[in-house]
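To start, the structure itself, in structure tokens.
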Amino acid sequence: MQPRALTATLFCLDGSTRLVASVLVSALLPTIAFAQCDGFSFVSGAEKHCLRPGSGKVEWFKDCKSCPEMVVIPAGSFMMGSPASEEGGHPSEQPQHQVTLKAPFAVGRFVVTFDEWDACVDAGGCKGYRPPDHGWGRGQMPVIDVSWDDAKAYVSWLSRQTGKAYRLLSEAEREYVTRAGTTTPFWWGSSISTAQANYNGEWTYGGGPVGEFRKRPLPVDSFEPNPWGLYQVHGNVADWVEDCWNASYKGAPTDGSAWSTGDCTSSGRVLRGGRWVSYPENVRSAHRDFNWPTYRNFNVGFRVARSLGPDFCLVGWYHDAALHNVVFWQNDTPGLAFGWRRGQPTLGGVGPGRGAPGLGAADEASGSR
């Protein structure tokens, strides 16, 4: 068998999806059968999933009983911001710029509910804070009166509970999942009615009809989901995202990552999606808002994201002149690894006090894990 080259572009997760390394490996690659998946393969809890990115209307997953339901979002590119011609647009939404998200990721079908928040408090997390429901009910109502700091406490707890990389969405991710492949002011088109979203319907937009002003939030599963299966990406409650506020998109990241510089304290953090009190132009896909990180309000909540990795991520190696020894670790299954030793395939466990597959202690000392 002749050696052949394998070029692997590897994504590892440390709370965000980012390109960590590209390697060129020359190895004797045997024919190895893997289960076929026509979507994105990953592990949730004890289950292996194969979900098609963008199919959130019919496919979703949960990492635990009290965890948010998550849908898989496809990688892709979009134009972020609004064109100068868009009704209700604002200079903070410009310049429009292309953003490319290179890997799939998961997002909550709904904003976080009171049930999900209360589970965190009951388990000793979320700083013990129980936000008021203002008489509108808890359960499947969106959790409200939570600050950016509170939202960060929740995703930190959820990550510890599940062992997965939960986080807030970046602002770019939030607009990307709102649009779901569309370019109009709302995912369904260029006008809006109160049959489609919860906002101040006494005002109109894009030739849409006058509607009702409900003056309260609605349950998280109200209205139709967008093409990727996300509910209420326009109106109801505004979502905290990770980014610091910047007054325009000059210098904004183009890779979908959060903008970690700017005014992170006084103006604070970005809010997206609009609220049940908002005028219709303020629930557009491109609309931006902000407030300080400790701000709490009865029309503000948040949605969560979860990073997803490919099946294998390079974490260590031992090499000889032929570079025949490479170890891969299955990202969502820490106990399983796959690699080569002396040109031969090997499977084994990786964990505290355990060697990398097929490598002895002397070998392992020459690599990194």
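The values are calculated or read from the model by the stated rules, or taken from the named source; none is laboratory data. Quantities reported herein were computed from a predicted structural model and do not represent experimental measurements. Because the Cβ atoms are built from the backbone with ideal geometry, glycine has one as well, and the counts that use them run over all protein chains shown.
Of everything in the stretch 202-245, what is small (G, A, S) and either buried (at least 24 other Cβ atoms within 10 Å of the Cβ) or free of Cβ contacts under 8 Å to residues at least 24 places away in the same chain (or both)? Give them in sequence order. Spell out the reasoning first.
Start the filter on the stretch 202-245 by keeping residues that are small (G, A, S), which leaves 206-208, 211, 222, 229, 235, 238.
Residues satisfying the conditions are G207, G211, G235, A238.
Tell me the strands (runs of 3 or more DSSP E) entirely within the stretch 67-143 that contain at least 2 residues that are at pLDDT 95 or above and surrounded by fewer than 22 Cβ atoms within 10 Å (Cβ to Cβ).
Filter on the stretch 67-143 gives 76-80, 97-101.
Could you grab me the full set of residues in the stretch 157-178 that are part of a helix (DSSP H, G or I) and within 30 Å of P95 (Cβ to Cβ)? Working first, answer last.
Initial filter on the stretch 157-178 (part of a helix (DSSP H, G or I)): 157-162, 171-178.
Passing the criteria: E171, A172, E173, R174, E175, Y176, V177, T178.
Can you name the residue in the stretch 144-156 that is assigned to a helix (DSSP H, G or I) and not basic (K, R) and is also surrounded by the most Cβ atoms within 10 Å (Cβ to Cβ) among such residues? First the steps, then the outcome.
Residues of the stretch 144-156 that are assigned to a helix (DSSP H, G or I), as a first pass: 148-156.
Checking the rest, the ones that are also not basic (K, R) come to 148-151, 153-156.
Numbers: W148: 25, D149: 16, D150: 23, A151: 27, A153: 18, Y154: 25, V155: 21, S156: 16.
Among residues in the stretch 144-156 that are assigned to a helix (DSSP H, G or I) and not basic (K, R), the one surrounded by the most Cβ atoms within 10 Å (Cβ to Cβ) is A151.
Name the residues in the stretch 276-290 that are under 22 Å from the mean Cα position of the chain (by Cα), assigned to a loop (DSSP other than H, G, I, E, B) and surrounded by fewer than 24 Cβ atoms within 10 Å (Cβ to Cβ), would you?
Filtering the stretch 276-290 down to residues under 22 Å from the mean Cα position of the chain (by Cα) leaves 283-290.
Next cut, assigned to a loop (DSSP other than H, G, I, E, B) only: 284-287.
The answer is A286, and nothing else.
Here is a list of conditions, (1) surrounded by 15 or more Cβ atoms within 10 Å (Cβ to Cβ); (2) part of a loop (DSSP other than H, G, I, E, B); (3) in contact (Cβ under 8 Å) with a residue 40 or more places away in the chain; (4) in contact with a Gly (Cβ under 9 Å, 6 or more places away or on another chain), and G181 meets all of them except one; can you say which number that is?
Of everything listed in (1) surrounded by 15 or more Cβ atoms within 10 Å (Cβ to Cβ); (2) part of a loop (DSSP other than H, G, I, E, B); (3) in contact (Cβ under 8 Å) with a residue 40 or more places away in the chain; (4) in contact with a Gly (Cβ under 9 Å, 6 or more places away or on another chain), G181 misses just condition (1).
Out of the residues in the stretch 225-246 that are part of a loop (DSSP other than H, G, I, E, B) and among the aromatic types (F, W, Y), state the one that is nearest to A197 (Cα to Cα).
Y231
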